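Bear in mind these aren't lab numbers, they're just calculated from the coordinates by the rules spelled out. Being a predicted model, the structure only gives us computed values, none of them experimental. When we count neighbours, we look across all protein chains shown, and the Cβ atoms used for this are built from the backbone with ideal geometry, even at glycine.
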Amino acid sequence: MPLTIAIDGPAAAGKGTLAKRLAEHYSLPYLDTGLLYRAVGKLAHEQGIDLDDPEATGALAAKLDTSHLDDGSLRGREAGELASRVAVHPQVRNALIAFQKNFAARPDGAVLDGRDIGTVICPEARVKIFVTASPEVRARRRTDELVAKGRHVDYDTILAEVRERDTRDAGRATAPLKPADDAHLLDTSKMDIETAFRAACELIDRAA
Ligand code: CDP
Ligand code: CDP
């Protein structure tokens with residue numbers, strides 16, 4: 001049976017860092033599904049399309065191709081905010097499902113991270129991990145990461161952004177952020193990257 005690993009959780013919980021390490025360790029392909037929503041949000045913004053328009057943003061999502069995902073600015077704060085606004089529309093989410101499901105169905109397995117991997121994209125994943133940390137810890141991590149890159153940001157602004165994104169992602173009607181019933185919760189508030197990685201490997205090796 002292929003090893004498919006679903007990693008979900010709120011903003012800046014450490015999903016991407018963990019998912020990448022796991023993909024390397026188990027020699028699996030990795031998909032950061034947040035990039036898809038970020039690309040749709042950014043394209044909508046650039047083209048002057050109303051982010052609250054489900055049909056227009058859904059049409060953009062339907063035309064998305066992987067060449068749109070190379071853009072380095074997608075990883076920034078602004079794209080994260082745009083992403084969470086377009087991600088509330090079922091039209092946008094539905095247009096992105098087939099690509100993600102195909103990726104998850106690779107014969108040797110795959111690692112995907114996002115918000116709804118364990119609940120919607122890959123409910124049959126062999127291992128589901130819901131990575132969390134307190135909003136304060138996540139905001140601290142994101143602030144440190146940005147300051148290390150030379151950005152001028154303050155912790156309180158980032159904390160407010162983290163909270164706003166949590167509220168929008170968990171509160172939407174379609175595919176809200178929530179752990180699947182069979183997900184393992186991994187609270188990394190007091191874990192460094194290495195400790196979180198080892199804890200995840202233990203869960204995966206037990207399920208393998
Ligand atoms: O993908 P997601 O937004 O969930 O988080 P990330 O980009 O993987 O991690 C956010 C920041 O937290 C990065 O700078 C990581 O290095 C850091 N991090 C950490 O300090 N401790 C952890 N256990 C996990 C991540
Ligand atoms: O790394 P971080 O957690 O900050 O963001 P991300 O994973 O790149 O996701 C950006 C936004 O896209 C999230 O706040 C969600 O609104 C949306 N998203 C989603 O709805 N479903 C996914 N599978 C992945 C991302």
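With 0.36 nm allotted per residue and the present C-alpha distance subtracted, the Lys20-Ala173 stretch has 52.2 nm of extension available. Distance between the modelled labels on Asp108 and Glu136, one decimal in nanometres: 4.4 nm (7 Å Cα→Cβ projection). Per residue, the chain reaches -16000 deg cm²/dmol at 222 nm when only DSSP H runs of four or more residues are counted, each adding -39500 (n - 2.57). The fewest-to-most ranking of Met191, Met1 by surrounding Cβ atoms within 10 Å reads Met1, Met191. Among the GluC sites (Glu not before Pro) in the stretch 39-130, those placed in a DSSP loop whose Cβ has at most 14 other Cβ atoms within 10 Å are Glu124.
Ranked by the mean number of other Cβ atoms within 10 Å of their residues, highest first, the peptides 115-122, 143-150 fall in the order 115-122, 143-150.
Shape analysis of the stretch 33-105 places it in the oblate category; the axes a ≥ b ≥ c from the Cα gyration tensor give an a/c of at least 1.5, with a/b not above b/c. The lysine pair count for the chain, using Cα distances under 26 Å and pairs eight or more places apart or on different chains, is 23. For the stretch 1-84, the relative contact order comes to 30 percent (Cα pairs under 8 Å, sequence separation of at least 6).
Summary value for the chain: 33 percent relative contact order, contacts being C-alpha pairs under 8 angstrom separated by 6+ residues.
Under a Gaussian network description of the chain, with springs only between Cα atoms under 10 Å, the residue in Gly14, Gly76, Gly58 that fluctuates furthest is Gly76. Along the axis of the charge dipole computed for the stretch 59-208 (Cβ charges of +1 for Lys and Arg, -1 for Asp and Glu, origin at the Cα centre), the listed residues Gly109, Pro90, Ala170 are led at the positive end by Pro90.
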